[in-house]
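Here the structure is laid out as structure tokens; the discussion comes afterwards.
The values are calculated or read from the model by the stated rules, or taken from the named source; none is laboratory data. Computed from a predicted model, the values in this text were never measured in an experiment. Please note: Cβ atoms are built from the backbone with ideal geometry, for glycine as well, and neighbour counts cover all protein chains shown.
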Amino acid sequence: MIETYSFGKMRIHGFDYTQDLKIIKGQIIPRWWRKSGHQVVQEDIPDILEAAPDILVIGRGRPGIMQTTPELRALLEQRGIKLVELGTDKAVEEFNRHWSQGTNVAAGFHLTC
């Protein structure tokens, strides 16, 4: 699904995205803006929570600065959603692997820091 990623740019289905984005059930949600920049909290992903994926992949940016809060990690665990947080390079690989296997996977990607 994701063709390429480089710092600040992701190509999906031939279209370039230059802002953070989410992918839910194969739908790209561009311009993902978080309440607290480099933290992901419950209020940042209500659409993902509603979709109830089996796996949530979070691309933390190239150096991996962005992260989920302990409260969100606990909520995901309670709901049975496996969380995978990686630098965006590796997160793209992980997402594509799950997507190609037909796994119910969602993602949020920070494209820069």
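Selection of first residues in the range 85-103 that are buried (at least 18 other Cβ atoms within 10 Å of the Cβ) and of second residues that are assigned to a helix (DSSP H, G or I), restricted to Cβ pairs under 9 Å at least 6 apart or on distinct chains, gives the following pairs, ordered by first then second residue: Glu85/Arg73; Glu85/Ala91.
Which one of Lys25, Lys9 is surrounded by 11 or more Cβ atoms within 10 Å (Cβ to Cβ), charged (D, E, K, R) and on the phi > 0 side of the Ramachandran plot?
Checking each option against the conditions leaves just Lys25.
Residues in the range 3-37 that are touching a His at 6+ places or on another chain (Cβ under 9 Å) and either charged (D, E, K, R) or at pLDDT below 95 (or both): 3 in all.
Checked against (1) surrounded by 14 or more Cβ atoms within 10 Å (Cβ to Cβ); (2) within 13 Å of the chain's Cα centre (by Cα); (3) among the polar types (S, T, N, Q); (4) more than 16 Å from Ser6 (Cα to Cα), Gln19 passes all but condition (4). Considering Ala107, Ala51, the condition of being in contact with a helix residue (DSSP H, G or I) (Cβ under 8 Å, 6 or more places away or on another chain), among the hydrophobic types (A, V, I, L, M, F, W, C) and touching a residue at least 40 places away in the same chain (Cβ under 8 Å) is satisfied by Ala107 alone. Screening Leu72, Leu111 for residues that are of a type in the set (A, V, I, L, M), modelled with pLDDT of 95 or more and assigned to a helix (DSSP H, G or I) leaves exactly one candidate, Leu72.
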